[in-house]
Amino acid sequence: MSTMSVRSMQARSDQLRQSLDWSHQVSQEACRVLDQYCSQLSDLERVVQPVVFKTQALIRTRENIKQARAQAEEVLDHLDASRKVESRILQGPRSDLSSFMTAFEKLDLAITFLQKHSGAGT
């Protein structure tokens, strides 16, 4: 082997060592940055977790309120049935037997519902 080829190989070897050293330094820095992000994410998770739990509780509460409101509106609608059909019943069956009977059916449905849900129907 010629001296030129040995020197060329040594130069190439030095370049490879420098590249490996640089690559090692970059890898170490990347690992340090990733470890730092991991730590910050863990801290963030600890901070956010109570907010998530409270949000879930509020969502459940909102759903419970919606259900309770719907049920209350249904009960109120049945409680108000007598007022809604009163004028039609007071008119009697002579003018319109079909609407007169429909008014009684609505009243009967309301009574059945209220008895069933009040415990008085048993």
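The table for this structure:
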| quantity | calculated |
| --- | --- |
| Matching option when the condition is surrounded by 10 or more Cβ atoms within 10 Å (Cβ to Cβ), at pLDDT 95 or above and more than 30 Å from Thr102 (Cα to Cα), among Leu58, Leu16 | Leu58 |
| Matching entry among Ser95, Ser87, Ser99, Ser118 (being surrounded by 12 or more Cβ atoms within 10 Å (Cβ to Cβ) and out of contact with any His (no Cβ under 6 Å at 6 or more places or on another chain)) | Ser99 |
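The values are calculated or read from the model by the stated rules, or taken from the named source; none is laboratory data. Keep in mind that what you see is a predicted model, and the values were worked out from it rather than measured. FYI the Cβ positions are ideal-geometry reconstructions off the backbone, even for glycines, and counts take in every protein chain you see.
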